[in-house]
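Working notes for the structure below.
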Amino acid sequence: MVALGNFLFRYRNALFPLTCVLLLLPGPPLYPEPLLAAAIGAAIALCGQVVRALTIGLEYIVRGGRQGKVYADGLVIAGIYHHCRNPMYVGNVLIAAGLAVSSNSWASVVVAIPLVVLAYSAIIAAEEKYLSEKFGDAYAEYCRDVPRWLPRLRGLARTIADSRFHWRRLIVKEYGTPAGWIGVLCGVLLYNLWRGELWTLRRDEVFGIVWIVSVTFALWLLARVLKKTHRLEAD
């Protein structure tokens with residue numbers, strides 16, 4: 001598992017595009033109504049986005065790797081990391097699960113979600129081995145106190161209340177993620193409506209979906225311009 005995790009860590013940015021491809025797998029529908037599937041999927045993905053936003057906004061962890069390998073400057077145990085050891089991956093899994101549900105295909109759900117969970121489980125195994133070797137007893141104690149996947153909700157409200165939220169850092173580092181999954185979810189929904197020959201019957205809904213995509217793109221473009229022109233920088 002560790003060897004697989006080291007391999008996947010190097011190419012972890014390809015997990016989202018892979019998930020998007022799996023959304024097109026044909027299969028029996030989850031729900032008779034594709035809009036219902038999209039709404040439920042959006043709710044699940046939004047939960048994942050909230051987890052990511054809280055993680056980045058409260059206590060960001062610099063663990064982006066070095067030369068394609070697992071790397072960490074220090075052991076971060078504050079913020080959301082005080083309640084879950086891998087909140088960013090929890091958020092990613094929820095977003096992937098939400099997109100799979102929004103596809104309204106049992107095949108996508110059955111294939112995409114287990115693959116994403118397996119991939120991040122392997123990456124976590126590789127990271128845990130590295131962190132254990134680097135931080136020793138401190139990391140072992142942290143693992144005993146904090147769950148790997150399911151967040152410990154006790155004291156979460158106090159953690160949020162007692163922490164400074166870094167809005168600038170959140171926008172600068174995260175603006176692409178919501179734009180990505182919202183665009184994909186809307187695209188899949190439009191595809192399902194087109195495949196069901198519902199565009200004419202659902203003209204208002206189609207217009208609303210296009211409006212959501214347009215606003216999302218405009219906000220993404222604004223955030224990108226502010227970042228690239230250094231008018232907005234992470235605090």
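The values are calculated or read from the model by the stated rules, or taken from the named source; none is laboratory data. All values derive from a computational prediction rather than experimental measurement. With ideal geometry, Cβ positions are generated from the backbone for all residues, glycine too; neighbour counts draw on all protein chains shown.
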Legend entry - Test: residue in the range 58-67 that is modelled with pLDDT of 95 or more, surrounded by 20 or more Cβ atoms within 10 Å (Cβ to Cβ) and of a type in the set (A, V, I, L, M): no
Inset, instruction - Determine which single condition Glu233 fails, assuming it passes every other condition in (1) over 27 Å from Val90 (Cβ atoms); (2) assigned to a helix (DSSP H, G or I); (3) in contact (Cβ under 8 Å) with a residue 12 or more places away in the chain. - result: (2)
Inset, instruction - Scan the range 155-187 residue by residue and report those that are touching a residue at least 60 places away in the same chain (Cβ under 8 Å) and of a type in the set (Ser, Thr, Tyr). - result: Thr159, Ser163, Thr177
Legend entry - Matching residues in the range 23-46 - criterion: being part of a helix (DSSP H, G or I) and farther than 29 Å from Tyr71 by Cβ: Pro34, Leu35, Leu36, Ala37, Ala38, Ala39, Ile40, Gly41, Ala42, Ala43, Ile44, Leu46
Legend entry - Any hit, the range 113-126, residues being more than 17 Å from Leu15 (Cα to Cα) and among the aromatic types (Phe, Trp, Tyr): no
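Hey, can you tell me all the residues within the range 170-188 that are surrounded by 17 or more Cβ atoms within 10 Å (Cβ to Cβ) and either under 18 Å from Val225 (Cβ atoms) or at pLDDT below 95 (or both)?
Hits for the range 170-188 are Leu170, Ile171, Val172, Glu174, Tyr175, Thr177, Pro178, Ala179, Gly180.
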Inset, instruction - Go through Ala119, Ala39, Ala126, Ala96 for me and flag whichever is more than 13 Å from the chain's Cα centre (by Cα) and within 29 Å of Gly196 (Cβ to Cβ). - result: Ala39
Legend entry - Residues within the range 99-119 that are buried (at least 20 other Cβ atoms within 10 Å of the Cβ) and either farther than 24 Å from Ala38 by Cβ or small (Gly, Ala, Ser) (or both), tallied: 7
Legend entry - Of the criteria (1) outside any helix (DSSP H, G or I); (2) farther than 20 Å from Gly41 by Cβ, which one Leu198 fails: (2)
Legend entry - Positions within the range 201-235 being acidic (Asp, Glu) and surrounded by 16 or more Cβ atoms within 10 Å (Cβ to Cβ), in sequence order: Glu205
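Specify which of the listed residues (Ala126, Ala138) is in a helix (DSSP H, G or I), exposed (fewer than 14 other Cβ atoms within 10 Å of the Cβ), out of contact with any Asp or Glu (no Cβ under 9 Å at 6 or more places or on another chain) and modelled with pLDDT under 95.
It is Ala138.
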Inset, instruction - Please identify the pairs in which a residue from the range 137-154 that is touching a residue at least 40 places away in the same chain (Cβ under 8 Å) has its Cβ atom under 6 Å from the Cβ atom of a residue that is among the basic types (Lys, Arg), counting only partners at least 6 apart or on another chain. - result: Val146/Arg85; Arg148/Arg85
Legend entry - Check on Asn104, assigned to a loop (DSSP other than H, G, I, E, B) and not aliphatic (A, V, I, L, M): yes
